[in-house]
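The next block holds one structure in the form of structure tokens; read it before the comments.
The values are calculated or read from the model by the stated rules, or taken from the named source; none is laboratory data. Note that this is a predicted model, so its numbers are computed, not measured. FYI the Cβ positions are ideal-geometry reconstructions off the backbone, even for glycines, and counts take in every protein chain you see.
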Amino acid sequence: MRFWNQLRSWIQTTLHRSRMESEMDAELRFHMEAFAEDLVRNGMPRAEAMRRARIEFGGVERVKEECRDNVGVSFVDSLLQDLRLALRMLRKSPGFTAVAILTLALGIGANTAIFTMTNGLMLRTLPVRDPGRLVELLHQYPGEPAFNGFSWDAYQTMRDGNHVFSDLIVDSLNVIAVRADKPQPQTVFVGQVGGTFFQALGVRPAAGRLIGPEDVHTGDHSPVAVISWPFWKSRFNLDSGIIGEKIVVGDTPLTIIGVTERGFYGISEHARQDVWWPISLGPSSGMWYGLLGRLKPGVSMEQARAEMAVLFQAAIDRPDADPFVRRMELRIEPAGNGIATPLSQMLSTPLTVLMATVGLLMLLACANLAGLLLARGASRQHEMAVRACLGAPRARLLRQTLTESLLLSVAGCVVGIFVAYVAIHALIRVFASGRFVMIAPVNFEALTKPDAHVLLFTLAIALLMGLLCGAASAMSASKTEPATTLQQVSRIGESKARRLFGKGLVASQVTLSLVLMSSAALFVEYLSHLRNLNLGFERNHLLLVTLDFARSGYNAAQFSQLSQELVMRLDAIPGVSSTTFSDMSPMQGPGAASFASAEDHPEKQTQVSINSVASDYFETYATPFLAGRDFSARDQAGSPVVIINEAAARDCLGNENPIGRHITLSHVTSTKGEKTYEVVGLVRDAKYNDLQQPAPPTIYPDLLQQGYIGSEHSQLAIRTRIDPDGAASAVRQIEADVLKDVPIVRIMTMNEQIDSSIVPQRLIAMLSAGFGALAALLAAIGLYGLLAYTVAGRTHEIGVRMALGAARTHVMRVVLRDALWMVCAGFTIGAPLAFWGKRVAASLIPDLPVASLLPIVVAVAIMIAVGLLAAYLPARRAMRVDPMVALRYE
Amino acid sequence: MDKQLDLLQGTLDMLILKAVSLGPLHGYGILLRIQQISKDRLEIQQGSLYPALYRLEHQGWIASEWGESENKRKAKYYTLTVAGKRRLQAETENWNSMADVIAGILGTKPEEV
């Protein structure tokens, strides 16, 4: 109550400062005049009375100052004074101000950018009821990404057997083209949901009704759909007449029964769902069920994991199950921040690494600026001493220095927000080139949207940096000893403790940049290792065209005829040397898999990757044949044949000659049943889906023999002698001519496709290299600043030395030795830290080349070079000191 | 006229509250009233009155309003607020008990110990 009173009175007087001043004047004048009048009434002459009144009253200005103090406005006054002075000081040295603001802006900007991403991707909670108790169920094969999808059997067993979930919610997140009122389809995220989905998440309709248990049937699902509020707005302009209208999802017409409430976007913020319809239940549906659970009150994550693992094992442990399937494991992860998507799985590790990196960068920027401010503060000792003599309390001097550093950090914050904005958009471009992301309408706006968390984070970082930077110089300013300073004792040299502290700051910058640069070198080495791997095929001069045959309606014969015609015409383009069709291309993503056994060993099953290819595949990809032959036109009518790679030959057939032997595949996507093939060719191993994994055993059946009719992403590969992008337009033209109903999904080079499969590695390498370079630059600025200041402070001493006969080279050596000492001190602390950092990085990212000493050697070499470079200018200046000038200046 | 006494530290606030509790007064009026009640036995530095007034108003114990003085001039009048009334009461009780204790101690005779 009293506090509010005081606050109100403080705000009133602060806002109406001039009125307060004039009222105060009037009040005091009234007092003195009234007193004088009383004196006059008692017989004193008027002039004498006024004089007496003023004497009796005492110092008017002092009284006023005390009054201002007592209502707290003097605080604001002196703050404004401090700010004005700080602004003037900063304007006086624009070079320093620019460096300081840029340093802060880079520190704040980098942190804000990475945090915005982390926040958007992993920290925001879903707008549903009690998101904290939501968990996601995933299955995972060893060494592969986890996937949220379960068979009907597994779903049923887990639903009926568990005691840990109050709800087990079905929502299968998918991407599909939707046709609404407009004829052209729009690709959106959709959900096929169980009957309890909306009810369990506590979602209400904005119009119509939502899907309930009555809409979900065994077998066929009922043809109804619910759309999201944003979709309702963008496609239907919030027209309430759409309830009961039709919407075509994929090829299925559905009737819209309702719209979800505003603000609800499904189960992932960046993969916002726009259409939901009931999933069909039952063993024959062949559906995968995406599952979310809501933990019962009091049930812990560990209890849920333990119970569900047992249930899941029971569900997959069936006599007829593939041996591969039995290796599946269940994972349960919190889903309150949204379910795991390809994007979040791709980015969670890089973002963790980068968050740590930018944190270090921020510390480095602080140490840098603290050093610069300290050096600057030393040159202002005289001013501080004068102020102290004039009666400024220590707290006031401390506040003045802090005001300056906070002013810098505010300016840095403003520029930093701009830096963050630019950085975020550059990051988004890299994300969007990821192979899982480019096929999905990812909502990047949601990722980059700054919210209260980001704002608070940025402000906290700016404040923290301002305080950290200013602390050292503020402490030293408040410890000013007026007497010694004014006697100019300090000109001979500053205190040892302070010099050590300044050097320590530079050494710590060297330490931090050594850590940042060695980890950057590590990531860059790793990336270049990935890019220079022997892939088993030639990556350059290869153009990949993805074709969508889903709507073509071709039968096998038509496909065979048209594809061969297309290949023939493409081969005729000048600069094209070879063309081929295949089901998959390397690094495109996970493809089909199966189990293979040799004819004489049916019990020994080997897991193999399957890629159906046309003839000339291996010629086009430049994968050499080791034995046997390519497919030919005769195979189309003949008995089933396959080409296998070395790994498949070794794992299935041992060391014998594979040509002419027979292999049985448990199933191939297009045939389903078991089928036996004759091996006609053996090719060298080639990477298939993952650059980091060794080439898997791979079986290549004949595309045309399989009765292939094309898929949504059939691959056409074109080997060129010229720049592959140059052939793209001719390819488009011919393709449109030959395959009229088959749209081209995308055209990219093999190198681009490889890059799209290593987005996380590229991100880490690119950014950490950028941060490493920045760190080196900052350390150089810090070193330069300190040395330049030291040399300036020691001009007198150097002059004396030279007058006494010291050689110029000796003087230069002294300065350079100083610099090298600081760099070496940084190394002794930095090297163990860098090794430790490598171990941490290795625990996050498998198969980093941690054993290599190269990164640290490179970092040390760069730092020594940077140190000498930064020391060179001050050293030269020291060398050029003219003893006469230096001494006369005294 | 008796010799004037220096004001005890921290008692000016209490005297101002008391003076204002008797009716609205301007700053000079407060000074006059305190001198009148104390029969001129208290020495008050005239200027020191105003910082105290500003502090008391800031704390919400007195309120101010511009009005007209006896000889038709604009003057700032102070009145006691409800909170100020409570404060004055508390301070008075505090002062009285303190005065009792001090007087008791000072009045102690050797045989009473």
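Of all residues being out of contact with any helix residue (DSSP H, G or I) (no Cβ under 8 Å at 6 or more places or on another chain) and part of a helix (DSSP H, G or I) in region A:36-47, which is farthest from the other protein chains (Cβ to nearest Cβ)? Just the residue, please. Walk me through it before giving the result.
The first filter runs over region A:36-47 and keeps only residues out of contact with any helix residue (DSSP H, G or I) (no Cβ under 8 Å at 6 or more places or on another chain), leaving A:38, A:41-43, A:45, A:47.
Now narrow it down to the ones that are part of a helix (DSSP H, G or I): A:38, A:41, A:47.
Values: A:Asp38: 8, A:Arg41: 11, A:Ala47: 19 Å.
Within region A:36-47, the match that is farthest from the other protein chains (Cβ to nearest Cβ) is A:Ala47.
Go over the candidates A:Val613, A:Val683, A:Val679 one by one and state the one that is in contact with a Pro (Cβ under 6 Å, 6 or more places away or on another chain), surrounded by 18 or more Cβ atoms within 10 Å (Cβ to Cβ) and modelled with pLDDT of 85 or more. Steps first, please.
Values: A:Val613 fails: in contact with a Pro (Cβ under 6 Å, 6 or more places away or on another chain); A:Val683 fails: in contact with a Pro (Cβ under 6 Å, 6 or more places away or on another chain).
A:Val679 is the lone residue from the list that is in contact with a Pro (Cβ under 6 Å, 6 or more places away or on another chain), surrounded by 18 or more Cβ atoms within 10 Å (Cβ to Cβ) and modelled with pLDDT of 85 or more.
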Number of the exception - B:Glu57 against (1) touching a residue at least 24 places away in the same chain (Cβ under 8 Å); (2) facing another protein chain (nearest Cβ under 9 Å); (3) not small (Gly, Ala, Ser): (1)
All positions within region A:841-871 that are exposed (fewer than 14 other Cβ atoms within 10 Å of the Cβ) and either outside the structural domain of A:Met355 (by TED's automatic domain parsing) or under 18 Å from A:Thr352 (Cα atoms) (or both): A:Ser843, A:Pro846, A:Asp847
Subset of region A:623-634 (residues that are surrounded by 18 or more Cβ atoms within 10 Å (Cβ to Cβ) and either touching a His at 6+ places or on another chain (Cβ under 8 Å) or of a type outside the set (Asp, Glu) (or both)): A:Thr623, A:Phe631
Long-range neighbours under 7 Å by Cβ, at least six apart or interchain, first residue closer than 19 Å to A:Asn368 by Cα within region A:88-100, second of a type in the set (S, T, N, Q): A:Leu90/A:Thr97
Test set (1) in contact with a helix residue (DSSP H, G or I) (Cβ under 7 Å, 6 or more places away or on another chain); (2) more than 7 Å from chain B (Cβ to nearest Cβ) - A:Asp69 fails condition number: (1)
Counted residues, region A:196-222 - those being surrounded by 15 or more Cβ atoms within 10 Å (Cβ to Cβ) and modelled with pLDDT under 85: 4
Of the criteria (1) modelled with pLDDT of 90 or more; (2) over 28 Å from A:Trp10 (Cα atoms); (3) not in a helix (DSSP H, G or I), which one B:Val101 fails: (3)
Every residue from region A:691-705 that is touching a helix residue (DSSP H, G or I) at 6+ places or on another chain (Cβ under 9 Å) and surrounded by 18 or more Cβ atoms within 10 Å (Cβ to Cβ): A:Ala695, A:Pro696, A:Pro697, A:Thr698, A:Ile699, A:Tyr700, A:Asp702, A:Leu703, A:Leu704, A:Gln705
Considering residues of region A:553-574 that are surrounded by 15 or more Cβ atoms within 10 Å (Cβ to Cβ) and assigned to a loop (DSSP other than H, G, I, E, B) only, the residue modelled with the lowest pLDDT: A:Tyr554
Residue, surrounded by the fewest Cβ atoms within 10 Å (Cβ to Cβ), within region A:5-15, restricted to residues that are more than 8 Å from chain B (Cβ to nearest Cβ) and of a type outside the set (S, T, N, Q): A:Leu15
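Assess whether A:Met32 counts as being surrounded by 12 or more Cβ atoms within 10 Å (Cβ to Cβ), touching a residue at least 40 places away in the same chain (Cβ under 8 Å) and within 11 Å of chain B (Cβ to nearest Cβ).
Working: surrounded by 12 or more Cβ atoms within 10 Å (Cβ to Cβ): yes; touching a residue at least 40 places away in the same chain (Cβ under 8 Å): no; within 11 Å of chain B (Cβ to nearest Cβ): yes.
Taking the combined requirement at face value, the residue does not satisfy it.
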Qualifying residue in region A:65-72 (condition: at positive phi and at pLDDT below 85): yes
Number of the exception - B:Gln4 against (1) within 14 Å of chain A (Cβ to nearest Cβ); (2) at pLDDT 85 or above; (3) touching a Lys or Arg at 6+ places or on another chain (Cβ under 8 Å): (2)
Some residue of region A:16-29 being hydrophobic (A, V, I, L, M, F, W, C), surrounded by fewer than 16 Cβ atoms within 10 Å (Cβ to Cβ), more than 7 Å from chain B (Cβ to nearest Cβ) and over 25 Å from B:Arg33 (Cβ atoms): no
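Give region A:246-265 a look and list any residue that's in contact (Cβ under 8 Å) with a residue 12 or more places away in the chain and over 13 Å from A:Leu210 (Cβ atoms), or say none.
Just the residues of region A:246-265 that are in contact (Cβ under 8 Å) with a residue 12 or more places away in the chain, to begin with: A:247-250, A:252-265.
Once the filter is applied, which keeps residues that are in contact (Cβ under 8 Å) with a residue 12 or more places away in the chain and over 13 Å from A:Leu210 (Cβ atoms), region A:246-265 yields A:Ile247, A:Val248, A:Val249, A:Gly250, A:Thr252, A:Pro253, A:Leu254, A:Thr255, A:Arg262, A:Gly263, A:Tyr265.
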Residue check, A:Phe827 aromatic (Phe, Trp, Tyr), closer than 30 Å to A:Ser348 by Cβ and in the same structural domain as A:Val353 (by TED's automatic domain parsing): no
Condition check for A:Gln588: assigned to a helix (DSSP H, G or I) and surrounded by fewer than 22 Cβ atoms within 10 Å (Cβ to Cβ): no
When residues of region B:40-49 are limited to those that are charged (D, E, K, R) and within 14 Å of chain A (Cβ to nearest Cβ), the one nearest to A:Val60 (Cα to Cα): B:Glu43
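So, in region A:59-102, exactly how many residues are outside any helix (DSSP H, G or I) and exposed (fewer than 15 other Cβ atoms within 10 Å of the Cβ)? Before the answer, list the steps.
Kept after step one, since they are outside any helix (DSSP H, G or I), are these residues of region A:59-102: A:59, A:72, A:93.
With the extra rule that they be exposed (fewer than 15 other Cβ atoms within 10 Å of the Cβ), the set shrinks to A:59, A:93.
Here the count works out to 2.
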Count of residues meeting criterion [surrounded by fewer than 16 Cβ atoms within 10 Å (Cβ to Cβ) and part of a strand (DSSP E or B)] in region A:140-156: 1
The listed residue being within 11 Å of another protein chain (Cβ to nearest Cβ), over 18 Å from A:Ala34 (Cα atoms), not in a helix (DSSP H, G or I) and not polar (S, T, N, Q), out of B:Ala75, B:Ala52, B:Ala63, B:Ala83: B:Ala63
Residues of region B:9-39 satisfying the condition of being within 14 Å of another protein chain (Cβ to nearest Cβ), of a type outside the set (Val, Ile, Thr) and over 18 Å from A:Ala34 (Cα atoms): B:Leu12, B:Asp13
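Could you check, for region A:225-239, whether at least one of its residues is in a loop (DSSP other than H, G, I, E, B), on the phi > 0 side of the Ramachandran plot and more than 34 Å from the chain's Cα centre (by Cα)? Don't jump to the end; show me each part of the working.
Going through region A:225-239, the residues in a loop (DSSP other than H, G, I, E, B) turn out to be A:228, A:237-239.
Checking which are on the phi > 0 side of the Ramachandran plot leaves us with A:237-238.
Those still in the list that are more than 34 Å from the chain's Cα centre (by Cα) too: A:237-238.
Within region A:225-239, one or more residues are in a loop (DSSP other than H, G, I, E, B), on the phi > 0 side of the Ramachandran plot and more than 34 Å from the chain's Cα centre (by Cα).
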Residue count for region A:593-614, restricted to those that are free of Cβ contacts under 8 Å to residues at least 40 places away in the same chain and either in a strand (DSSP E or B) or hydroxyl-bearing (Ser, Thr, Tyr) (or both): 0
Those strands (runs of 3 or more DSSP E) lying entirely in region A:653-759 with at least 1 residues under 23 Å from A:Phe549 (Cα atoms) and of a type in the set (S, T, N, Q): A:714-720, A:744-749
Matching residues in region A:190-219 - criterion: being part of a loop (DSSP other than H, G, I, E, B) and farther than 20 Å from A:Leu291 by Cβ: A:Arg204, A:Arg209, A:Gly219
Out of A:Ala851, A:Ala886, sole residue that is aliphatic (A, V, I, L, M) and outside any helix (DSSP H, G or I): A:Ala851
